[in-house]
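The values are calculated or read from the model by the stated rules, or taken from the named source; none is laboratory data. Quick caveat, the model's predicted, so the values are computed rather than measured. A quick note on method: Cβ atoms are made from the backbone with ideal geometry, for glycine too, and the neighbour counts reach across all protein chains shown.
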Amino acid sequence: MLVGVPKEIKSGEARVGLTPGAVGEYTAHGHKVLVETKAGAGIDADDAAYRAAGAAIADTAAEIFARADMVVKVKEPQPQEWAQLRPGQILFTYLHLAADPDQARGLIASGVTAVAYETVTDSHGGLPLLAPMSEVAGRLSIQAAATALQKPNGGRGVLLGGVPGVSPGKVVVIGGGVVGTQAAKVAIGVGAEVTILDKSLPRLRYLDDLFDGRVHTRFSTRGALAEEIATADAVIGAVLVPGASAPKLVSRAQFASMKKGAVLVDVAIDQGGCFETSHATTHADPTFVVDGIVHYCVANMPGAVPLTSSHALNHATLPFGLALADHGLAALAADPHLRAGLNIHRGKVTHQAVAESLGLAFADPDGPGLAA
C-alpha cells in the first residue's frame, strides 16, 4: 500500500501524521510512504530524516491525495483537503464529526473510507487513540488556565498555587476521565485547590484513592456543579461522549454567580464544547470574554506541543495504521475495535453516535458490503 502523509494545514497545527520512526515501521512492512515536504518541520524532522526512514518526498499535498491508498493525518481534513479525497481511499485521522456537519457532508460526498482515531476502542472499553492527546490536553489545560488568569490576559489576577500567606486558586474539573485526571495532576502539582465532579461513583472512588485525599471529589448534579463553579477561579471542561456532541453543562445564565475574570477551559470543544457560550478558537487568538468570564477554547490544544504530541500519538496509532496498511478494509472486518473507528464508508455514516448527532441515517458497519 502507498501511505501518504500531508503537512497539516489547520491553524496553529504543527503535529505530523507519521514520525520518521513510524515511517520506518511502515516501510519494514513492505509499504511505500510518501511524505509532503516539510511535513515534519514542527517536530524538528526534516525531509532528510524521512528519506532515511525510507519515505519519498512529495512537493505538494495534491500529489499525496492523488496517489496515496491511505492518507494518515492528525487533524480533520480541511475543505480543500476533503475535496481531494476519493472512493477506495482510506483516511486515518481525528475527525470529530459530531461538531462538524460540513466536514461530514464533504467526506460523505468524497466516497472515502474515514477511520477516526477518537472512536477506535480497546478491550477495556477505552479509547486508546484519543487517550494520549487527552493526556496532553489535560495537562495543558492547567497551563492555559494559569496564563488566562493573569490580569493582562483578562483574568482575575490569581496565581493558582498561591504563595505563603495567600490562599491558592481553586480549580474545578468537570469529568474524571483521562483529561480530568491529568488536569488534576498538574493542578495539584502547582499547588491549587482542586475539585473533580463526575457521575460515576466507582470513578470518584478511584480518583479519591489515586490522589490520596489531595483533591475533593463530588458526584456531579446540577446543584453540585452550580455550587462549585460559583467559587472557582478556573473550570476545566473535560467531558466526553464518544463520537457524540458534548453536553452543555454550564449556561450563560450561571456566569452571574461566578467570579469576574474566572476562566473556562473547554477541552471538549472538538466535540462542540461543554459550555453554552463556547466556540472554537486558535492558538493565535486563544481566548474571548463573555459577561466577564474568560473562555479558552482552542480546538487543537496538543498542537501547541507538537514534538511531544506527535510521538505520543504515533505510539498509539501505529499498530492500527499498520493493520489498515497490511490488510486494507479486511482489517476493519477482522477487528471490532478498529471497526468502531469507522465513521464514514462509501457515502454512508457508519458510527451510530455520529449519525445521531448529525441527524443522518446510520449504516451498520457490520452490514453487508460496508466493512469487507
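Could you say whether any residue in the stretch 43-58 is touching a residue at least 60 places away in the same chain (Cβ under 8 Å) and assigned by TED's automatic domain parsing to the domain that holds LEU332?
Checked against the condition, which is being touching a residue at least 60 places away in the same chain (Cβ under 8 Å) and assigned by TED's automatic domain parsing to the domain that holds LEU332, the stretch 43-58 yields at least one hit.
So PRO152 clears everything in (1) more than 19 Å from THR217 (Cβ to Cβ); (2) in a loop (DSSP other than H, G, I, E, B); (3) not polar (S, T, N, Q) except one condition, right? Which one?
Unmet for PRO152, out of (1) more than 19 Å from THR217 (Cβ to Cβ); (2) in a loop (DSSP other than H, G, I, E, B); (3) not polar (S, T, N, Q): (2).
Hey, can you tell me all the residues within the stretch 208-243 that are surrounded by 20 or more Cβ atoms within 10 Å (Cβ to Cβ) and of a type in the set (A, V, I, L, M)?
Correct list: VAL215, ILE229, ALA232, ALA234, VAL235, ILE236, ALA238, VAL239, LEU240.
I need every pair where a residue in the stretch 206-227 that is assigned by TED's automatic domain parsing to the domain that holds VAL178 and over 17 Å from GLU193 (Cα atoms) has its Cβ under 6 Å from the Cβ of a residue that is assigned to a loop (DSSP other than H, G, I, E, B) and of a type in the set (D, E, K, R), sequence separation at least 6 or different chains.
If the second residue must be assigned to a loop (DSSP other than H, G, I, E, B) and of a type in the set (D, E, K, R), the pairs left are SER220/LYS199.
Residue-by-condition table, conditions (1) in contact with a strand residue (DSSP E or B) (Cβ under 7 Å, 6 or more places away or on another chain); (2) modelled with pLDDT under 95; (3) of a type in the set (S, T, N, Q); (4) surrounded by fewer than 16 Cβ atoms within 10 Å (Cβ to Cβ):
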residue	(1), (2), (3), (4)
ALA41	no, no, no, yes
ALA49	no, no, no, no
ALA58	yes, no, no, no
ALA66	no, no, no, yes
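Quick one: which residue in LEU225, LEU204 is farther than 20 Å from VAL136 by Cα and in contact with a Phe, Trp or Tyr (Cβ under 7 Å, 6 or more places away or on another chain)?
On the way: LEU225 fails: in contact with a Phe, Trp or Tyr (Cβ under 7 Å, 6 or more places away or on another chain).
Going through LEU225, LEU204 in turn, the sole match is LEU204.
In the stretch 230-288, how many are small (Gly, Ala, Ser) and under 26 Å from LEU95 (Cα atoms)? First the steps, then the outcome.
Residues of the stretch 230-288 small (Gly, Ala, Ser): 230, 232, 234, 237-238, 243-246, 251, 253, 256-257, 261-262, 268, 272-273, 278, 280, 284.
Those still in the list that are under 26 Å from LEU95 (Cα atoms) too: 237-238, 243-246, 268, 272-273, 278, 280, 284.
The total comes to 12.
Going through LEU91, LEU97 one at a time, which residue ends up being within 20 Å of ALA246 (Cα to Cα), crowded, with 18+ Cβ neighbours inside 10 Å and hydrophobic (A, V, I, L, M, F, W, C)?
LEU97
Name every residue in the stretch 251-293 that is β-branched (Val, Ile, Thr) and either surrounded by fewer than 23 Cβ atoms within 10 Å (Cβ to Cβ) or in a helix (DSSP H, G or I) (or both), in order of residue number. Even if it seems obvious, please write down each step before you answer.
First, the residues of the stretch 251-293 that are β-branched (Val, Ile, Thr): 263, 265, 267, 269, 277, 281-282, 287, 289-290, 293.
The answer is VAL267, ILE269, THR277, THR281, THR282, THR287, VAL289, VAL290.
From the list GLY175, GLY191, exactly one residue is at positive phi, in contact with a Pro (Cβ under 9 Å, 6 or more places away or on another chain) and not charged (D, E, K, R). Which is it?
Residue meeting the stated conditions: GLY191.
Listed here are the residues, each with its yes/no results for (1) over 25 Å from HIS124 (Cβ atoms); (2) out of contact with any helix residue (DSSP H, G or I) (no Cβ under 8 Å at 6 or more places or on another chain); (3) hydrophobic (A, V, I, L, M, F, W, C); (4) part of a loop (DSSP other than H, G, I, E, B).
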{"residue": "PRO302", "(1), (2), (3), (4)": "no, no, no, no"}
{"residue": "THR317", "(1), (2), (3), (4)": "no, no, no, no"}
{"residue": "PHE320", "(1), (2), (3), (4)": "no, no, yes, no"}
{"residue": "LEU324", "(1), (2), (3), (4)": "no, no, yes, no"}
{"residue": "LEU332", "(1), (2), (3), (4)": "no, no, yes, no"}
{"residue": "HIS337", "(1), (2), (3), (4)": "no, yes, no, no"}
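Residue by residue, here is whether (1) among the aliphatic types (A, V, I, L, M); (2) crowded, with 19+ Cβ neighbours inside 10 Å; (3) farther than 26 Å from GLY328 by Cβ holds:
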{"site": "PRO6", "(1), (2), (3)": "no, yes, no"}
{"site": "ILE9", "(1), (2), (3)": "yes, no, yes"}
{"site": "VAL16", "(1), (2), (3)": "yes, yes, no"}
{"site": "VAL23", "(1), (2), (3)": "yes, yes, no"}
{"site": "TYR26", "(1), (2), (3)": "no, yes, no"}
{"site": "LEU34", "(1), (2), (3)": "yes, yes, no"}
{"site": "THR37", "(1), (2), (3)": "no, no, yes"}
{"site": "ASP46", "(1), (2), (3)": "no, no, yes"}
{"site": "ALA62", "(1), (2), (3)": "yes, no, no"}
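Does any residue in the stretch 280-308 that is at positive phi come within less than 9 Å, Cβ to Cβ, of a residue that is in a helix (DSSP H, G or I) six or more places away or on a different chain, and which pairs are these?
Close Cβ pairs (under 9 Å, with a partner that is in a helix (DSSP H, G or I)) amount to ASP291/ARG252; ASP291/PHE255; ASP291/ALA256; GLY292/PHE255.
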